[in-house]
Protein chains: 2
Amino acid sequence: MNDMNKVGIVGYGITPFTKDDKKIESILLDSAKELFKNNQKINRDDIDAVLVSTNNNSKYLSPILSEMAGIQPKIAHTIESLCNSGTNSIVSAYSYIASGLADMILITGAERYDSPGQILEWDNSRGEYKHPIFWASIFTKSYKREFSISDEQLAIVSVKNHKQAKENPNALSKKTYTVDDVINSKKLTEDLRLLNCSRPCTGSASIILASEDKAKQLTDKPIWVTGIGQKTTSAGFTKNNSFSSMESTKLAGQTALKMANKNSKDIDVAEIHDAFSVCEPMALESLGFSVEGRGMDMINELHDTNNFKINPRGGLIGSGHPLGATGIAQTIEITQQLQSNAGKRQVDNPKVGLVHNMSAAATSSTVLVLET
Amino acid sequence: MNDMNKVGIVGYGITPFTKDDKKIESILLDSAKELFKNNQKINRDDIDAVLVSTNNNSKYLSPILSEMAGIQPKIAHTIESLCNSGTNSIVSAYSYIASGLADMILITGAERYDSPGQILEWDNSRGEYKHPIFWASIFTKSYKREFSISDEQLAIVSVKNHKQAKENPNALSKKTYTVDDVINSKKLTEDLRLLNCSRPCTGSASIILASEDKAKQLTDKPIWVTGIGQKTTSAGFTKNNSFSSMESTKLAGQTALKMANKNSKDIDVAEIHDAFSVCEPMALESLGFSVEGRGMDMINELHDTNNFKINPRGGLIGSGHPLGATGIAQTIEITQQLQSNAGKRQVDNPKVGLVHNMSAAATSSTVLVLET
């Protein structure tokens, strides 16, 4: 890494995650408006770039959002990479600022509950199994078999994340569940029940990234992006080395932690991409929080002690999963945590946080390290 | 601009532009394969990012292209900004390299002839006029009226660009036309004839950008990206200040030329976004090649002297316009020109080239300056 400019998060805005049937343009604008309400020092004329993160099929959404929000940016485009579109946009914004091409950037992710990103038409190796529940089933079966984990044990992920979502006013889920509720919920496949799944929803999340000077002018509590790691191993999940660990997450995590000069023990709070229950222990293991096969031990301990360290906002399972907004919503949660601004979800005095956001059976992962 | 790493173009591949009905995944792969054939020193394992530029509705195309091409990139996503998606991707790649996040990046733009980017659903101020021919008609009427230009005079743009396309083996157009052919071609609106329009088509274009060290290892003739300018003034064309000049092009051009420490007189060869005939003189004026209202004087002189300085490959009108591939195809043309590798289209010994790529009635523009 050569003399990079420091890049900080200086503002954020987020909407409730719902099943609302609204136009994508309005959804995008909603969180941008929240952002400008939350940080009134931000001058729209100083915004050099507007990046939109979405799987929506509408075109030219960044200029449309810009026009609606009263911004005339230099750089404006949409970024799509299925479920980790959000963190891809954050990394792009980071590079624009670090390179000196931009000083301040608005990133807005939004999705409708009926996003076309939920089905992958391309991967013929899946046959008819285009919906993510099919890879999730294979992952679940493989993980349970390899590490002797029961459905009851795995259900704790959903129980914990719904419990934590109760303290998140923007979460889609408004209920808590027991292990019995999870294992008796609607059967989707042999290995997957409804409450093991995150649910697609309508939602929007915006953040502003800025250069060091700008960040210090605009907030007393900038949160710095100190580590970035990304990896794409394939597009089709049948190319994965393993169905019980996440290679791209492993590589992205190593890169991000190395860049930040940290290791997983230094992480005080983390957002983990729990698209399905099994993803949480698998990702914790691949990120080095736990040895292989023992991710559930950590999750159980956190759950028993009511410690919100992992997925404080309720993760994707509790918060809902508006694809293009998810990575940005995760980053907002860690920002709020590091600013000691997370209300009843607040973890005790965190200094270093991590965001894990992935796509399509972990064929692609992004990991970010954030610090006060 | 702070100590930026130098960024160079080290390879390119392009397909013929056609009306072929092929899958977007195959179209993308076609130009990437050409690229690797053209520069066999490039090692796929050294590619840090794969950016796809398209308006196609398919998701996750960058990981899909990566898997098909045998690449496992760190960064992988699709970038969309209608007709200047291509140069938006190039600027993103530039910033990844300049920031130090990446060393070598593949950028592939592709489109099908029936791209959904041809219709903008959003702008209600247009009423039913969602197709670009409606703004093009208003621009044409306004430009002709303000500067007393006749249909016959404007037809020269199409005559010249079809003539130049004859020397471009990849061009969609295989014919030359007279002024009479243009003004007697099918009437689309009161001010627009068929031969005044670029045509959507199927096509693909790939380039590789690399850091200075990498670029010098991989080619004897790297072409450097020395100037970058972008501006989005609005999304809806009715917000334009004027219908006979291009504000976003003016601002993007000034930024790019300033960054490269050049002025328009230094430019030896340029690709101009002639989506419609009227766009060529308007853009030349907005970029400072000509005073306002006199762009056709320059175009006439070039045409009369058979000088290919502007749109040597035939522009969008002659080459065809595969939306997401266009900005990359333009950049390849300038690269070939600066490498003295443009065959019968070769301009005399150019050192400095310019790419002008825009979207949606010039509501957004990108300008790049390239140098040997």
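Some values worked out for this structure:
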quantity: The listed residue being among the β-branched types (Val, Ile, Thr), under 24 Å from B:Gly229 (Cα atoms) and either at pLDDT 90 or above or assigned to a loop (DSSP other than H, G, I, E, B) (or both), out of B:Ile105, B:Ile149; calculated: B:Ile105
quantity: Hits in segment B:134-157 (condition: surrounded by 18 or more Cβ atoms within 10 Å (Cβ to Cβ) and either among the hydrophobic types (A, V, I, L, M, F, W, C) or in contact with a Gly (Cβ under 8 Å, 6 or more places away or on another chain) (or both)); calculated: B:Phe134, B:Trp135, B:Ala136, B:Ile138, B:Phe139, B:Ile149, B:Leu154, B:Ala155, B:Ile156, B:Val157
quantity: Residue among A:Ser211, A:Ser158, A:Ser204, A:Ser142 that is touching a residue at least 24 places away in the same chain (Cβ under 8 Å), more than 14 Å from chain B (Cβ to nearest Cβ) and in contact with a strand residue (DSSP E or B) (Cβ under 8 Å, 6 or more places away or on another chain); calculated: A:Ser204
quantity: Selection from segment B:1-30 of residues that are facing chain A (nearest Cβ under 9 Å) and either in contact (Cβ under 8 Å) with a residue 24 or more places away in the chain or small (Gly, Ala, Ser) (or both); calculated: B:Met1, B:Met4, B:Asn5, B:Glu25
quantity: Considering residues of segment B:71-102 that are assigned to a loop (DSSP other than H, G, I, E, B) and among the small types (Gly, Ala, Ser) only, the residue surrounded by the most Cβ atoms within 10 Å (Cβ to Cβ); calculated: B:Ala102
quantity: Some residue of segment A:340-358 being crowded, with 24+ Cβ neighbours inside 10 Å, within 14 Å of chain B (Cβ to nearest Cβ) and either modelled with pLDDT under 95 or closer than 30 Å to B:Lys59 by Cβ (or both); calculated: yes
quantity: Residue within segment B:176-193 that is closer than 18 Å to B:Gly327 by Cβ, in the same structural domain as B:Ile310 (by TED's automatic domain parsing) and crowded, with 17+ Cβ neighbours inside 10 Å present; calculated: no
quantity: So B:Thr202, is it of a type in the set (Ser, Thr, Tyr) and surrounded by fewer than 21 Cβ atoms within 10 Å (Cβ to Cβ); calculated: no
quantity: Members of segment A:285-311 that are among the β-branched types (Val, Ile, Thr) and over 18 Å from A:Val159 (Cβ atoms); calculated: A:Val291
quantity: First in segment B:31-50 and farther than 13 Å from B:Thr219 by Cα, second anywhere and hydroxyl-bearing (Ser, Thr, Tyr) and assigned to a loop (DSSP other than H, G, I, E, B), Cβ under 7 Å, 6 or more apart; calculated: B:Ser31/B:Thr15; B:Glu34/B:Thr15
quantity: Qualifying positions in segment B:337-372 - assigned to a helix (DSSP H, G or I) and under 24 Å from B:Asn263 (Cβ atoms); calculated: B:Gln337, B:Leu338
quantity: Test result for B:Ser264, more than 14 Å from chain A (Cβ to nearest Cβ), surrounded by 24 or more Cβ atoms within 10 Å (Cβ to Cβ) and of a type in the set (Gly, Ala, Ser); calculated: no
quantity: Failed criterion for A:Ile156 (all others in (1) touching a His at 6+ places or on another chain (Cβ under 9 Å); (2) within 30 Å of A:Ile90 (Cα to Cα); (3) in a helix (DSSP H, G or I) hold); calculated: (2)
quantity: Condition check for A:Asn57: surrounded by fewer than 24 Cβ atoms within 10 Å (Cβ to Cβ), in the same structural domain as A:Ile208 (by TED's automatic domain parsing), over 25 Å from B:Asn84 (Cβ atoms) and not basic (Lys, Arg); calculated: no
quantity: Residues that are assigned to a helix (DSSP H, G or I) and acidic (Asp, Glu), drawn from segment A:258-293; calculated: A:Asp266, A:Glu280, A:Glu285
quantity: Segment B:264-279 residues that are of a type in the set (Gly, Ala, Ser), paired with ones that are surrounded by fewer than 24 Cβ atoms within 10 Å (Cβ to Cβ) (beta carbon under 6 Å, 6 or more apart); calculated: B:Ser264/B:Gly288; B:Ser264/B:Phe289
quantity: Given (1) in a helix (DSSP H, G or I); (2) within 14 Å of A:Leu106 (Cβ to Cβ), index of the condition A:Ser26 fails; calculated: (2)
quantity: Residues of segment B:135-177 classified as within 21 Å of the chain's Cα centre (by Cα) and among the aromatic types (Phe, Trp, Tyr), total; calculated: 2
quantity: Selection status of A:Ala283, among the hydrophobic types (A, V, I, L, M, F, W, C), within 21 Å of A:Asp114 (Cα to Cα) and buried (at least 22 other Cβ atoms within 10 Å of the Cβ); calculated: no
quantity: Residue within segment B:86-104 that is within 21 Å of the chain's Cα centre (by Cα) and among the charged types (D, E, K, R) present; calculated: no
quantity: Residue that is surrounded by the fewest Cβ atoms within 10 Å (Cβ to Cβ), among those in segment B:224-257 that are within 11 Å of chain A (Cβ to nearest Cβ) and part of a loop (DSSP other than H, G, I, E, B); calculated: B:Gly236
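A quick yes/no check of all residues on (1) more than 7 Å from chain A (Cβ to nearest Cβ); (2) farther than 30 Å from B:Phe237 by Cα; (3) touching a Phe, Trp or Tyr at 6+ places or on another chain (Cβ under 7 Å):
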position: B:Asp48; (1), (2), (3): yes, yes, no
position: B:Pro63; (1), (2), (3): no, yes, no
position: B:Gly70; (1), (2), (3): yes, yes, no
position: B:Cys83; (1), (2), (3): yes, no, no
position: B:Ser92; (1), (2), (3): no, no, no
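Matching residues to (1) among the polar types (S, T, N, Q); (2) over 13 Å from the mean Cα position of the chain (by Cα); (3) farther than 29 Å from B:Arg193 by Cα:
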{"site": "B:Ile310", "(1), (2), (3)": "no, no, no"}
{"site": "B:Leu316", "(1), (2), (3)": "no, no, no"}
{"site": "B:His321", "(1), (2), (3)": "no, no, no"}
{"site": "B:Thr326", "(1), (2), (3)": "yes, no, no"}
{"site": "B:Ala342", "(1), (2), (3)": "no, yes, yes"}
{"site": "B:Thr363", "(1), (2), (3)": "yes, yes, no"}
{"site": "B:Thr372", "(1), (2), (3)": "yes, yes, yes"}
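The values are calculated or read from the model by the stated rules, or taken from the named source; none is laboratory data. Please read these numbers as outputs of a predicted model, since none were measured by experiment. Backbone-built Cβ (ideal geometry, glycine too); neighbour counts: all protein chains shown.
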